[in-house]
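Inspection log for the structure reproduced underneath, given as structure tokens.
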Amino acid sequence: MDRNGGEAGPLGQALAESGLLERLRGLAEAERRPSAALCEDLWWNAQRRADLRAYDDAVARLYRLAEAAIQARLFVNHGIDTGKVPLERLSEAFRRERPNLKPDAETGCCQLALSDARALLAELEPASPVPGFWANGTPEWQSRRNHSILAHGFSPLTAKDWNKARAWFAERAGVLWRDLPGGAEACHLPDRLPAV
């Protein structure tokens, strides 16, 4: 079945029979909004890519998961879309520390990079442990990703790199995204698609 309820061939039928179709529809409805469900989907997608030994792609998806987790927390808890933050939503101190943060001339909104989004989260939720995951600098998995073939480097990532990155996220999954509203339901997203 497609989004409109029409038949989409054997995969649509298999999804409907497996009971996964409604869960996937819920994820599709969350489209364009950071959420626990989007984070969980990124988590499973990264693992599927690693199963295919596409480690660069798998770790790149974990990097996106880190961004999405911060974005989801800011969106769900504070109504802030990091892609278009009105300048007045940022404190004077936050703006002063980031003189290069310039609003778009048309919209008056700024776009926050991962490091700026983490800093904003730390300011808005001083008790949150999430920004502290980066308190000692860039985690090893992120540094390896930054120097991988899909980012700025020339060397592919290995199974060992993937396992370290996966362990980092697995240890923090609850705090990063699963404790957000909707996180309990997100864990029920499929980790594997049904065979057709």
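Are any residues in the range 95-128 part of a helix (DSSP H, G or I) and not aliphatic (A, V, I, L, M), and if so, which ones?
Within the range 95-128, 95, 96, 115, 116, 118, 123 qualify.
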Out of 150, 157, which single residue is in contact (Cβ under 8 Å) with a residue 40 or more places away in the chain and within 19 Å of the chain's Cα centre (by Cα)?
150
So which residues in the range 95-105 are closer than 22 Å to residue 33 by Cα and surrounded by fewer than 16 Cβ atoms within 10 Å (Cβ to Cβ), if there are any at all?
104
List the helices (runs of 4 or more DSSP H) that sit entirely inside the range 1-54 and contain at least 1 residues that are closer than 29 Å to residue 173 by Cα, within 16 Å of the chain's Cα centre (by Cα) and at pLDDT below 75.
21-29
Quick check: anything in the range 72-94 surrounded by 13 or more Cβ atoms within 10 Å (Cβ to Cβ), of a type in the set (S, T, N, Q) and not in a strand (DSSP E or B)?
yes
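The values are calculated or read from the model by the stated rules, or taken from the named source; none is laboratory data. A quick note: this is a predicted structure, and the numbers were derived from the prediction, not measured. Here Cβ is always computed from backbone atoms with ideal geometry, including for glycine, and neighbour counts include all displayed protein chains.
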